[in-house]
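> Got a structure for you, written out below as structure tokens; questions coming shortly.
The values are calculated or read from the model by the stated rules, or taken from the named source; none is laboratory data. None of these values were measured; they are calculated from a predicted model. All Cβ positions, even for glycine, are placed from backbone atoms using ideal geometry, and neighbour counts span all protein chains on display. Protein only, heavy atoms only, side chains kept; ligands, DNA and RNA dropped before computing areas. Shrake-Rupley method; radii C 1.70, N 1.55, O 1.52, S 1.80 Å.
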Amino acid sequence: ESADEGNIEVGQTQMEVAKFQFQETSSREDMQIRQLVLYVEGSAANANDLRNFTVYGDDGVALGSAAMLDSENNATVNLSPAYTLGDANGRTRNLTVKVDAVDGANNWFRVQLQNDYDILVRGVTTGANVAATDADGIFGVTSTNGYFKIKRGALTITKNAASPSGSLTEGAQNVELARFDLTANGEALELRKLGIAIVS
């Protein structure tokens, strides 16, 4: 299931956007998760908005990553080393997906595992691939709150420490009255209008 709904700002890196739980139930041999194909749904599902899809294990160690989405909005992540489930490692394990938001202000998305064949699982002893099943018996379903929205940018205005102060001489020209720093957050911004008030 995708993680809970939340907002992401452009420029934020490795933000958690999904968490999937896997359980080995056969008790016949340990299983290894070797590859995940993550499907990204929504208006941010393109190569320009989201980058560096990284899968992390329970211990927070990165297991593999995909730089960007392909033309079908999939991110294929090969896990190295493969993630083992079984008697020695615990039969239930969680994998977390994190991503960088590089663009796409006001776009939304969610991450899914759409099909059983999007999870490559292999038996440690036999070396045979097995088909994964989900708890509901179907794939492509995420929690209803599993959407993320990329925030719009914002402008921060602060008075510069070097902004002048003091007395002015009558008749003086081109006198600097104040100095401000303008900082764009989240995305590139265009300043079109600036209101100035002189209070005496």
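> If you restrict to DSSP beta bridges whose two residues both lie in the chain, what percentage is antiparallel, to the nearest 5?
95 percent
> Hand me the trypsin sites (Lys or Arg not before Pro) from segment 13-46 located in a DSSP loop with no more than 13 other Cβ atoms within 10 Å, in residue order please.
Answer in residue order: ARG28.
> In terms of Cα to Cα distance under 23 Å, which lysines are near enough to LYS149, apart from those fewer than 8 places away along the same chain?
LYS149 reaches LYS19, LYS98.
> Using Cα pairs under 8 angstrom and six or more residues apart, how large is the relative contact order of the chain, in percent?
That works out to 28 percent.
> Right, something else. Let me know the Rg and Dmax you get for segment 27-120 when you use only its Cα atoms, in Å.
Cα-based Rg and Dmax for segment 27-120 come out at 14.3, 48 Å.
> How large is the accessible surface per residue of the chain, computed with a 1.4 Å probe and reported in Å² as a whole number?
So the chain comes to 61 Å² accessible per residue, rounded to a whole number.
> Can you pull out the GluC sites (Glu not before Pro) in segment 1-109 that DSSP calls coil and that have at most 13 other Cβ atoms within 10 Å?
Those that pass, being in a loop and sparsely packed, are GLU72.
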